[in-house]
């Protein structure tokens, strides 16, 4: 069979006519062109693979890790003389701690906009994304109680959200479980929990000095006849917690145990401005030495009686963003009882005292487009003159938190931060290049097949 | 003209008719056979520096693989003739050739390639396996199956 098959196959093959003459040189050159095209296609394919790899890496990496800039040179701690709107894909402070922070911002990033906490290093000016474990969503902003930067910028104090609770369960109030401090130099967190069946609500959170935190919380009550929380909250009480110590919080009280109705401000150096009986008398009180409380005069409320931003100096001066019919203005009360109003300085925020005669405030200024802008200025309370302190970007930023210890040091020029490239840019470029190259390959293949 | 190109030119001139005959058995069409040979020769050019001493196995391997791949890519299926020879004689006649061509056309492309390489090119099973990039076992099984199909076709032709 096989021999027969060979013969029959040979016979069948002989059927084919002698092929037409062919130019071998043409075949050779066609082969060479094909070789060149295949080499080029292989190079393109290699590029595609590399781009796809880069894109894949961008997808897998957490945002901000792809193009981490080398750490900037450290200098003495200082505030930056200018703030910038944070770029995309910031490096996380957990990945590369840059504390202490000179500034804490809350800024919207990305699309859709997602609010993030951002710290600005006091020693390098670098910007870092900050995640506060167990904290309230950054979308809530700082408000008056959400997060607070310690005077040196080493810690960020914040409220701990009660796990599993929603604000809707408590009449719109966030149910909290305690406070925590985030160490900006290490990313570590210390927690101080408050036992309460339905959680607590936030009243006040401010630093007595760089290691003592004052916080006041009200206990959320239970709704009568149910096992659910009510919408009511107690005024609660205030405690001082030594975040570097081993002891738990201690209640804050006036000498003799007199309760304190309100803590208005802190001088950042160990004394709180307190209002024991609600608007009648004010004292500068060191929680560790209550008997040495110093009475001071404060013009605190505006014409509508609402509370205003207040900053106390070490010598007992107070600066207030007081209110009038045109908005808010800077009002300063001296320890001897004299008061001075600076109605041409439309101060909406008071950051603290730079020294005995200069206070740092946030000023609002009308702009040409009518939207208005803000700036941070230093005001000489003896003359009323203001000078730019920290320049704000034309694009609005939420009011920042400043490390008050650094207010006495002239802000320094940190230059434009070297924003990391958003990994999504790499992904977008990679995908775009991939699509283009695949399209080009497809067109090329079609032409070749014709 | 480079020496490699000269060698290539000489090889094409000497071996192209034989390659076309093999390709004819693989494709069943003279036109496709010439096209297949040209493709195989063009594909051999980039490798010529390495195969110039003995290009035949490489070119035949391309020829066989390309015939299978073309079928896969284009789903080429030859239109087979229903004409059968009236009688089967010891001497190969026109009808016998047509019957064989029809029987080959009914084989799967790889089976056809195995039959052509094994029984026309007289390659061993190992050489056939290397040329087609398949295992020797696959060559054996494909060959067995192909021969069985050819026999059935032969019987059909006889009937």
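The values are calculated or read from the model by the stated rules, or taken from the named source; none is laboratory data. All values derive from a computational prediction rather than experimental measurement. No Cβ is skipped: glycine too gets one built from the backbone with ideal geometry, and neighbour counts run over all protein chains shown.
Remarks
- With respect to (1) modelled with pLDDT under 85; (2) closer than 19 Å to residue A:353 by Cα; (3) crowded, with 17+ Cβ neighbours inside 10 Å, the lone exception for residue A:315 is condition (3).
- Residue within region A:337-353 that is touching a strand residue (DSSP E or B) at 6+ places or on another chain (Cβ under 6 Å), at pLDDT 90 or above and either loosely packed, with under 15 Cβ neighbours inside 10 Å or under 24 Å from residue A:117 (Cβ atoms) (or both) present: no
- Residue, surrounded by the fewest Cβ atoms within 10 Å (Cβ to Cβ), within region A:246-258, restricted to residues that are within 35 Å of the chain's Cα centre (by Cα) and part of a loop (DSSP other than H, G, I, E, B): A:246
- Count - residues of region A:23-46 that are more than 19 Å from residue B:48 (Cα to Cα) and facing chain B (nearest Cβ under 9 Å): 0
- Taken over region B:14-40, residues that are in contact (Cβ under 8 Å) with a residue 24 or more places away in the chain and farther than 19 Å from residue B:120 by Cβ amount to 1.
- Taken over region A:105-132, residues that are modelled with pLDDT of 85 or more and in a loop (DSSP other than H, G, I, E, B) amount to 7.
- Residue count for region B:135-146, restricted to those that are surrounded by fewer than 18 Cβ atoms within 10 Å (Cβ to Cβ) and under 24 Å from residue B:57 (Cα atoms): 7.
- Residue in region B:42-50 that is more than 10 Å from chain A (Cβ to nearest Cβ) and either assigned to a helix (DSSP H, G or I) or at pLDDT below 90 (or both) present: yes
- Scanning region B:113-131 for residues that are more than 11 Å from chain A (Cβ to nearest Cβ) and either surrounded by fewer than 22 Cβ atoms within 10 Å (Cβ to Cβ) or within 20 Å of residue A:8 (Cβ to Cβ) (or both) yields B:113, B:114, B:123, B:124, B:125, B:126, B:127, B:128, B:129, B:130.
- Some residue of region B:47-59 being in contact (Cβ under 8 Å) with a residue 60 or more places away in the chain and more than 14 Å from residue A:19 (Cβ to Cβ): yes
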